[in-house]
Every structure is written in C-alpha cells, then in structure tokens.
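This report concerns only the one structure given below.
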Amino acid sequence: MPRREKLKDLQREKETFAGRTLFAALLCLGMVALLIFRLANLQIFNRAYYATRADENRMRVSAVPPVRGLMYDRHGTVLAQNTPAFVLEVIPEQVEDLDALIEQLRPLVAISERDVARFKDRVRKSPRYLGVPLRTNLSMEEVARFELNRYDFRGVDINAGLTRQYPLGSSAAHVIGYVGGINEDELQVIDEALYQGLTQIGKIGVEKSHENELRGSPGARIVEANAFGRPLRELERREGVPGRNLVLTLDARVQLAAEQALGELNGSVVALDPRNGELLALVSKPGFDPHPFVEGIDGRRYRALLEDRRRPLYNRALQGTYPPGSTVKPFFALVGLEEVNLDPDHREFCGGEYTLPGSSRKYRCHKRQGHGWMDMAQGVIKSCDIYFYALAQVLGIDRLSAALGTFGLGSVTGLDLPLEKSGILPSREWKRRTRREAWYPGETLNIGIGQGYLTVTPMQLAQMTARLAMRGGGYQPRVVHAYQDPVTLATTPVAAVPLAPIINRHPAEWERVIDSMEDVSHTLGGTAYRSFGDAPYRVAGKTGTAQVAGLSQDEEEAPELGATPYHLRDHALFIAFAPADEPRIAVAVIAEHAGHGGAAAAPIARQVMDQALLGEIRWPASPSASAPAAPAASPVPAAPPAEPEALPAAAAETAE
C-alpha cells in the first residue's frame, strides 16, 4: 500500500512566523527606545554633568603658587628675596620606577647623588600626587635638552619658578630663618587649600613666625591636555595673591658690626631701641648658611651641623640660658632703695670675703684682697661682691625674686620669633616645686651677685636694660616694623605695645642708679672705663662675669684665664644703654668662655653702639683679641649650659 505524506499546516506556520516577527520587532523597538532614552539622558537631562566630565578629561586644573613676600631691614636693605629658577619636578604617582626614570634623565640633566638623596627624602615626606623637585636651578641648555625629549617622560615637567635667597648669607640667619620642604608633620596641621602648588614653608625665624603674611594665596590655571595627559595649551590663568613684604626693625649695619665685634668668640649680642621695643640686632654666633636648607639639605651635611660642638643651629640669643653675673647688681641697688630705704651713703667693708652669721663658709669677692669701704655707687662702679652679698641678705630671696620678675626675668619677652626660652627665676616656691627642698640663706647671697640657680637669656638681659633706660617704662620687643603691599608698596606700621610701667615711690632713685652705671663707663677705675672712657656719648653700663666652674673653699686666688681649660672659663657679660639721658639703644653682650666682662664683652658693645649712634665704628678692631678664643679643636663643646644646677655657695665669686 503506497505511503501517505503528512500534509503541512500552513496556518500554524504563519502564526508562528508572525509571533516571531512581532517579538523581534518589539525587541528592536525596545532597544531603540532604550537607546533614545540613554541619548536623552546623556545629552539633555545630564548634559552639564557629562560635559564637565569630558572637559576634565581634556583639561587639567593646577595651582599657581603665590610669590612669597620679601624682607627688608629698616633702611631698605634686602634680607630675603626670590630669584628665578627652572625646577625639574617629578610626580611620583605617575612614575612606575623612579630609579629607572632618574637614569633615563641623567644624559639630559646633570643629577648628582646628593640630588637623588634629597629627592627621595622629599618623596617620602610629600603626598605622591604632588610634584617633587629633583633638580633646581637648571641651565638653559639643560632645559632645552629636556624639552626636545619631554614626550618620553611621563610625570616629569620643568617649571619656571622662584627660589628663596638670603643676600646676607649666615648673617642674621637665626633672625630671618629659612624655608624648607613641607614635611608630614606640617601637612597634618596646615590648611592644604592655602598651600596648593607650594612645596616649602617657613622653618625658623621670621620665615616661620610670620608665615601667614609671607605666604600669600595660591591661584589656578586651566591647561588643555591630550589623551596622554601632556599639556597642549593654557586656556585660563588666575594669578595667586602674593605674600606681603616685611620691613624688619633690624639694622643690617648694626647686625654686621655686632657679628664682626664678636670675632672668633661664641656668644650673643642683642640690641634694642628702648623707645619702641624695636630689635636693632640679634646675633647668635656661630651662625649657619641657610641656603642648603632651601634646596633641601642632605643628611650628611645636616648631621655635621648637629654634631658640631659649637652648635651653630642653636639660637643663643633666645635659647641660651646663662647666669647674669654682676649685670643684675644695679637692679638690686634699685630694689634696695625702693624696698628697704637703703641709704646710698651707707658703707660696707670689703675685705675680700663674707660669711653668714653662725657659718664658716666663705663667700669671696672677685678682688681677693678686697675693695675696702664701699657705698652703693662704689659697689656698682667697682662691682664689689661683698656689698651685694650684704644687700642680698637684707633684701631676702622673696624681694629679689619679685623685683627681677617685675623686670621680665623668668618669662619670655614676647618677641615675635619662635623658640624663646624663659630662663629660671628662682624663689622659695620654685625650689620646693622643682627640687622638693627648702631655700638656704647662702643661695640668697649667690642670687645677689647673679649666680646660683638664676639664669637668663641675652634677649631678657637686653629687655631688662631697656626698661632701666626708660626709667621703668618700655615696650614689648618686636622684629617687624611694618607690612608692605607688594603691588601698591603701601606700608602698614606695626604698633608698639607698651608694657606695664615699673613705678617707684621716689623717681630720683632711677637717676641715682643710672648715674652709678655712667660712672662704670666714664670714671677712672670703673670696670668699663677702658672701653667707654673716650666715647663721644654718655653710656650707662654694667660689666658681669658668670662662673662656669667654682673654686673650692681652700683656693685663695682665682686661676689666670689662660691657665684654665677652655670649657671652664668664665662667660663675659656686659649691658649698657646710650645716650644715658635720652637712650636710643640698649645692648646686652654675652661672650662665652671669654673671661672678664670689662675686657671681653664691653669692647664688643662699644663697636655696636658706635655703629648705631655714630654711623661708623671708632673703636679699635678685633676687641675679642683681649680674651682667648675657643681652641680650633677643643675637646669640649663651647655651648651655653642648659638650665644648670646651682653652683656651690663657695663658688659665688665673679671677676669683672
């Protein structure tokens, strides 16, 4: 029987085909609708957002660092300036292998091992998205070689910028300070918005204390870039606001005169204008060159500075604490006149030593054979220790401490520079708090001649002298005279801040003490007569010698200066103001291990005063030759004692 073929169901096939066609059509229509919706979303509803994203891919916004403010002295001498420089910068985030990159750059740009070490140190301390200088001060030839090959170096660029320069070099470095790279600790406290585009910050001195005024505010620029991020052209630029210039109170000529007067001696000189508190000179010697810190000092050189036994980075004027020696005697004479109605004609006999009732301990005078009968004026002029031992015993430690506190000892002066120390102003309460011991009468005698626990900074001594010059008046010391707008050059003076006056019941007492200080400088036999006897202006001064090591009870004579090891020699001090009747300058000098104040420190003050008051130095050069300088290879550091222990009561003698 023949096989029958199954008939096709055409109707069903049509329905299946139609269903599939409809599904495909709906799918295509849905996809078209989705595409239309997406296009509308991109180009209509969120156009602004995606246009901005596209521009960000095409354009780069970078900070324009502001120009740092300049510094001038009171006569317009430039103390800190900016000089043009080409800087090769690397953005670590955009470089896979920094060592390989450096090797690739060496044929184009001279890169020393010091540059590499400094660069890597900066990379560790800086955010990786910021450009880090690899080489500064590139030559035009190096710039040209790099520009020809710049497309081979991703994350590397040359920027034309400014670098900080200090025309006076090491002179006044402790005052002016320096700038250096921003480290991790500083990044934690600064406002990053204010430091966009900046890699440096003030580290010490005025550069640090007035960072906000000097820094300025950053600007911005918009640069069109290609797909590789390379800049093609600058589209827009907004300059930053430059920092304000500072007119300092310093007189560069007086500063240099003070440094030259110290010669080879280590020490400090501080000069103030007592009429307004302006700082004329602040010397800490030895100093240091600030320029290596600007570029980024390498570890070897920095260690050498730290290990230098002369401690050049140590600001002796603000951080060095020394016994004031006999420089405090005029102030104690003033306290005696005011507090216990001291009869200035009352005389004490100086036989070379002094003992407390019921004690066999001897407190010696610097003149071992004694001065004979001494009244108040002669006690100041001859710097007789015996007279002031007796006066200190009458006054007591409470009056002595309170009086010195009134003149500013025991607290910072408020000078607008960082790291100032307060020294030690001893009292019964201070000793109980710090040493858990009672106060002894012999310690009062030590304080009476400026020894023992009492320590001061040169800055405090200068401020104390200025207040005496103003007969109890005075102003807070300051180093900035005015702010200057860098565009208009208009200046805004900084107002002097008056201090609370020191009022005595009898104003004539000021003149009596000051007259005795004038005799120190202008009367034959005065301890500063050799330096100021022929001065064309009247000087009220007082010499001092601070012992570094004391004598034992059985030593009758102090050894000669040359026979004493350098590190055990006395510090030489001198304070003075001039002209005595209308003061224009107050000076404090400390020459470390230089011996007698009249022989070593007073001649230094004479040169400083000659320059400030006469405009020239009339005193013979190299006065420091009168006192031995530090040996070239001294085995002991010539550094000031830091918060020293009290000297034994038997060691409380000075030599003027």
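The values are calculated or read from the model by the stated rules, or taken from the named source; none is laboratory data. Keep in mind it's a predicted model, so treat the numbers as computed, not measured. Cβ: placed from backbone, ideal geometry, glycine included. Neighbour counts: every protein chain shown. These accessible areas exclude ligands, DNA and RNA; they are computed on the full protein's heavy atoms, side chains included. Shrake-Rupley method; radii C 1.70, N 1.55, O 1.52, S 1.80 Å.
Please identify the pairs in which a residue from the stretch 446-469 that is in contact (Cβ under 8 Å) with a residue 40 or more places away in the chain and more than 16 Å from Ala402 (Cβ to Cβ) has its Cβ atom under 6 Å from the Cβ atom of a residue that is assigned to a helix (DSSP H, G or I) and of a type in the set (D, E, K, R), counting only partners at least 6 apart or on another chain.
Ile449/Asp385; Gly452/Glu443
What are the residues in the stretch 117-154 that are of a type outside the set (D, E, K, R), more than 21 Å from Gln81 (Cβ to Cβ), touching a strand residue (DSSP E or B) at 6+ places or on another chain (Cβ under 6 Å) and not in a helix (DSSP H, G or I), if any?
Correct list: Ser126, Gly131, Val132, Leu134.
On the basis of being in contact with a Pro (Cβ under 6 Å, 6 or more places away or on another chain) and crowded, with 24+ Cβ neighbours inside 10 Å, does Ser326 make the cut?
So Ser326 does not fit the description; no.
Given the options Gly336, Gly408, Gly325, name the one that is within 17 Å of Val520 (Cβ to Cβ) and touching a residue at least 40 places away in the same chain (Cβ under 8 Å).
Answer to the check: Gly325.
Does Glu224 fit the bill of being outside any helix (DSSP H, G or I), in contact with a Leu (Cβ under 8 Å, 6 or more places away or on another chain) and modelled with pLDDT under 95?
So Glu224 fits the description; yes.
Within 25 Å of His210 (Cα to Cα) and buried (at least 17 other Cβ atoms within 10 Å of the Cβ): does that describe Gly177?
Spelling it out, Gly177 is indeed within 25 Å of His210 (Cα to Cα) and buried (at least 17 other Cβ atoms within 10 Å of the Cβ).
Which of the residues belonging to the stretch 182-196 are touching a Pro at 6+ places or on another chain (Cβ under 8 Å) and open to solvent by 80 Å² or more (accessible area, probe 1.4 Å)?
Gln196
Scan the stretch 197-229 residue by residue and report those that are among the charged types (D, E, K, R) and open to solvent by less than 40 Å² (accessible area, probe 1.4 Å).
Of everything in the stretch 197-229, those that are among the charged types (D, E, K, R) and open to solvent by less than 40 Å² (accessible area, probe 1.4 Å) turn out to be Glu207, Glu211, Arg215, Glu224.
Going by what's in this entry, would Gly379 be described as touching a Phe, Trp or Tyr at 6+ places or on another chain (Cβ under 6 Å), under 16 Å from Met517 (Cβ atoms) and modelled with pLDDT of 90 or more?
Yes.
Counting just the residues of the stretch 291-314 that are small (Gly, Ala, Ser) and in contact (Cβ under 8 Å) with a residue 12 or more places away in the chain, which one comes out farthest from Pro133 (Cα to Cα)?
Checked the stretch 291-314; the qualifying residue farthest from Pro133 (Cα to Cα) is Gly299.
Do the conditions hold for Leu98, that is, is it at pLDDT 85 or above, over 29 Å from Glu234 (Cα atoms) and touching a Pro at 6+ places or on another chain (Cβ under 8 Å)?
Details: at pLDDT 85 or above: yes; over 29 Å from Glu234 (Cα atoms): no; touching a Pro at 6+ places or on another chain (Cβ under 8 Å): yes.
Here the answer is no, as Leu98 does not meet what is asked.
The conditions are (1) farther than 27 Å from Tyr363 by Cα; (2) touching a residue at least 24 places away in the same chain (Cβ under 8 Å), and Leu425 fails exactly one of them. Which is it?
It is condition (1) that Leu425 fails.
Would you confirm whether any residue within the stretch 265-277 is assigned to a helix (DSSP H, G or I), in contact with a helix residue (DSSP H, G or I) (Cβ under 9 Å, 6 or more places away or on another chain), open to solvent by less than 40 Å² (accessible area, probe 1.4 Å) and under 30 Å from Glu213 (Cα atoms)?
Scanning the stretch 265-277 turns up no residue that is assigned to a helix (DSSP H, G or I), in contact with a helix residue (DSSP H, G or I) (Cβ under 9 Å, 6 or more places away or on another chain), open to solvent by less than 40 Å² (accessible area, probe 1.4 Å) and under 30 Å from Glu213 (Cα atoms).
Go over the candidates Leu282, Leu246, Leu235, Leu250 one by one and state the one that is open to solvent by 10 Å² or more (accessible area, probe 1.4 Å) and among the aliphatic types (A, V, I, L, M). Show your work before the answer.
Values: Leu282 fails: open to solvent by 10 Å² or more (accessible area, probe 1.4 Å); Leu246 fails: open to solvent by 10 Å² or more (accessible area, probe 1.4 Å); Leu250 fails: open to solvent by 10 Å² or more (accessible area, probe 1.4 Å).
None of the others qualify; the one that does is Leu235.
Does Ile381 meet the test of being farther than 20 Å from Arg467 by Cβ, of a type in the set (Val, Ile, Thr) and touching a Lys or Arg at 6+ places or on another chain (Cβ under 9 Å)?
Spelling it out, it is not the case that Ile381 is farther than 20 Å from Arg467 by Cβ, of a type in the set (Val, Ile, Thr) and touching a Lys or Arg at 6+ places or on another chain (Cβ under 9 Å).
Scan the stretch 352-365 and report the pairs whose first residue is within 13 Å of Gln393 (Cβ to Cβ) and among the aromatic types (Phe, Trp, Tyr) and whose second residue is in a loop (DSSP other than H, G, I, E, B) and open to solvent by 10 Å² or more (accessible area, probe 1.4 Å), with Cβ atoms within less than 9 Å and a gap of 6+ or a chain change.
Tyr354/Lys362; Tyr363/Thr355; Tyr363/Leu356
Can we say Glu147 is surrounded by 14 or more Cβ atoms within 10 Å (Cβ to Cβ) and of a type outside the set (Val, Ile, Thr)?
Taking the combined requirement at face value, the residue does not satisfy it.
Right, Ala110: part of a loop (DSSP other than H, G, I, E, B), surrounded by fewer than 19 Cβ atoms within 10 Å (Cβ to Cβ), among the small types (Gly, Ala, Ser) and in contact with a strand residue (DSSP E or B) (Cβ under 9 Å, 6 or more places away or on another chain) or not?
Working: part of a loop (DSSP other than H, G, I, E, B): yes; surrounded by fewer than 19 Cβ atoms within 10 Å (Cβ to Cβ): yes; among the small types (Gly, Ala, Ser): yes; in contact with a strand residue (DSSP E or B) (Cβ under 9 Å, 6 or more places away or on another chain): yes.
So Ala110 passes the test.
Mind listing whichever residues of the stretch 500-520 are without any contact (Cβ under 8 Å) to a residue 60 or more places away in the chain and either more than 34 Å from the chain's Cα centre (by Cα) or open to solvent by less than 70 Å² (accessible area, probe 1.4 Å) (or both)?
Hits for the stretch 500-520 are Pro507, Ala508, Glu511.
Out of all the residues in the stretch 330-360, which are surrounded by 15 or more Cβ atoms within 10 Å (Cβ to Cβ), over 30 Å from Ile503 (Cβ atoms) and of a type outside the set (Gly, Ala, Ser)?
Cys350, Glu353, Tyr354, Leu356
Could you please tell me which pairs satisfy a Cβ distance under 6 Å, a separation of 6+ or placement on different chains, a first residue in the stretch 90-110 that is over 24 Å from Ser139 (Cβ atoms), and a second residue that is open to solvent by less than 80 Å² (accessible area, probe 1.4 Å)?
Close Cβ pairs satisfying both conditions: Pro92/Val123; Gln94/Gly155.
All but one of (1) under 28 Å from the mean Cα position of the chain (by Cα); (2) open to solvent by less than 10 Å² (accessible area, probe 1.4 Å) hold for Tyr475, so report the exception by its number.
(2)
Restricting to the stretch 478-499, count the residues that are open to solvent by 10 Å² or more (accessible area, probe 1.4 Å) and farther than 22 Å from Leu409 by Cα. I'd like the intermediate steps shown before the answer.
Going residue by residue through the stretch 478-499, those that are open to solvent by 10 Å² or more (accessible area, probe 1.4 Å) are 478, 481, 483-499.
Subset that is farther than 22 Å from Leu409 by Cα: 481, 483-495.
So the count comes out to 14.
In the stretch 160-174, how many residues are among the hydroxyl-bearing types (Ser, Thr, Tyr) and open to solvent by 30 Å² or more (accessible area, probe 1.4 Å)?
Number of matching residues: 2.
Looking at (1) closer than 24 Å to Tyr302 by Cα; (2) assigned to a loop (DSSP other than H, G, I, E, B); (3) at pLDDT below 90; (4) not charged (D, E, K, R), which one does Ser171 not meet, given that it meets all the others?
Of the numbered conditions (1) closer than 24 Å to Tyr302 by Cα; (2) assigned to a loop (DSSP other than H, G, I, E, B); (3) at pLDDT below 90; (4) not charged (D, E, K, R), the odd one out for Ser171 is (3).
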